[in-house]
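The values are calculated or read from the model by the stated rules, or taken from the named source; none is laboratory data. In this text, all values refer to a predicted model and were calculated from it rather than measured experimentally. So basically every Cβ, Gly included, is an ideal-geometry build from the backbone, and we count neighbours across all protein chains shown. Keep in mind that these areas ignore ligands, DNA and RNA; they rest on the heavy atoms of the full protein, side chains included. Shrake-Rupley method; radii C 1.70, N 1.55, O 1.52, S 1.80 Å.
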Amino acid sequence: MADSNAPAGIESHKTPWTALSDTQREIVLALLRHGRLLRPDLMRLVGISPGSVTRLTTPLVEAGLLTVHTQQVADTGRPQSPLEVRADAESVVGVGLSTNLLTAVLTDLRLGVLATVRRPLPGHSPAEIIGELAAALAELSAAAPDAPPPSCLGVSLGGTARDGRTVDEAVFYGWHRVPLAEFINARLGVPTIIGNDLTALTLREAWFGVGREHGRFSLLTVGAGVGHGLVVDGQVVTNADAEMGLLGMVPVPDGARPASAAAAMDCLTNEAIERTWVQRGHDWLAAADVVELATAGDGDAVSLCASYARRLGRLLGMAAAFTLPEVVVVAGERAAIATLFEDEVQQGIAAVRRASASPLDVVVREHDRAEWATGAATLALRARVLGEL
């Protein structure tokens, strides 16, 4: 029987999660987002009484979904028993799909990565993708033989999948209305959810990154494209438009006199770096190679990347003016430029931000496709806790 809480088209399987009440699910989600918690903290976060927290968490402990830790408090000498999601209760697979690469991770229930596999894609047909996914699952199992078989699977890609089952559109694969979750479940027998890669990465950051300390933040990605994610009160703000990369259409000035502006997609992507490099009279190089030259001190590469960093700073400042975040996270293939040219990023921010405003706290994430795959695992983990997988 399908779970009444599950999105249309997602069939619920009999799992330890299906019989949980809505409040019990809130308890587990709070523990995932905040880590190990004392009962008074759970009461405050979920809004339940002392009697309710014991009544609701005891079955979760007995089912092996939560674990209790006993620890002494130095000030009082009294033992306390914080609760935590039991990491080894199940395992989850997250898969990130990019243009030419499938990256898969096997994680525990606290998103600890147990194994990682990267496989080049021979093509973009669903059959080819699922064939590589099947091989990746076998490799993950071999790399982590003591882990339980995966209970669910999340796939993220640069496209939309509003029902969590069907890829509405993925331009770089040439897909339109592809029932990918159904295909994967039929071939591999693992309940699957599909989602947008930026949404997945933002959710991961909300649960296991800066979201642990900040309830409101923005995430901006640069590289293959330009993306923007927003978290408010710990929740990812998303809809169909949020998955279309609308920030990429925003004009970003270059700081020249007179100023010239270009859409973010035309000046803050790999293609923009490569095009500008050729326009400066050089043979074509991949964006990553241009950044490597800049790191080594090549004058033209330094100039190009410094200009890129100032434009990135302006986009960060403009996005922050509308979203008012506590912190901004920069991720993606070209995020490293924000670290290499930190001063230039700050110059760009200052150009569009009042000097009396609070300093914009910028966190830069080192690019690793495994992080995007872990974002996909977070999508699956959330769906699992909610009884949807």
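Laid out as a table, the results:
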read-out: Pair Phe172, Ser358: separation of 7 Å Cα→Cβ label points (nm); value: 3.4
read-out: Selection from Leu304, His228, Gly255, by position along the positive dipole direction of the chain (Cβ); value: His228
read-out: The chain: most fluctuating residue of Arg257, Arg162, Arg310 per GNM, C-alpha cutoff 10 Å; value: Arg257
read-out: Where GluC sites (Glu not before Pro) fall in DSSP loop in region 181-233, at most 14 other Cβ within 10 Å; value: Glu213
read-out: Carbon and sulfur %, accessible surface of region 216-267 computed with the full protein complex present, 1.4 Å; value: 56
read-out: Relative contact order (%) - criterion: Cα under 8 Å, at least six apart; region: region 221-293; value: 25
read-out: Mean Cβ count within 10 Å, highest first, over the residues of peptides 279-292, 107-120, 371-384; value: 371-384, 107-120, 279-292
read-out: Average accessible area per residue (Å²) across the chain - probe 1.4 Å, nucleic acids and ligands excluded; value: 45
read-out: The chain: relative contact order as a whole-number percent, Cα under 8 Å and 6+ apart; value: 18
read-out: Per-residue ³J(HN,Hα) for region 218-227, Karplus 6.51 cos²θ - 1.76 cosθ + 1.60, θ = phi - 60°, Hz, x for Gly and Pro; value: 10, 10, 10, 10, 9, x, 4, x, 10, x
read-out: Part-to-part distance (alpha-carbon centres) for region 219-281 and region 100-149, which is given in Å; value: 30
read-out: Spin-label model distance (nm) - Phe183 vs Ala143, 7 Å beyond Cα toward Cβ; value: 2.3
read-out: For the chain, size of Cβ-based charge dipole, Lys and Arg +1, Asp and Glu -1, in debye; value: 880
read-out: Area projected by the alpha carbon convex hull of the chain, averaged over all directions, nm²; value: 22.4
read-out: Sites Asn100 and Ala321, calculated FRET efficiency, Cβ-Cβ separation with R0 45 Å, nearest 0.05; value: 0.80
read-out: Structure-based [θ]222 nm, the chain - -39500 (n - 2.57) summed over DSSP H runs of at least 4, per residue, nearest 500; value: -12000 deg cm²/dmol
read-out: Listed residues Ser358, Ser49, Ser125, most fluctuating in the chain (Gaussian network, C-alpha, under 10 Å); value: Ser358
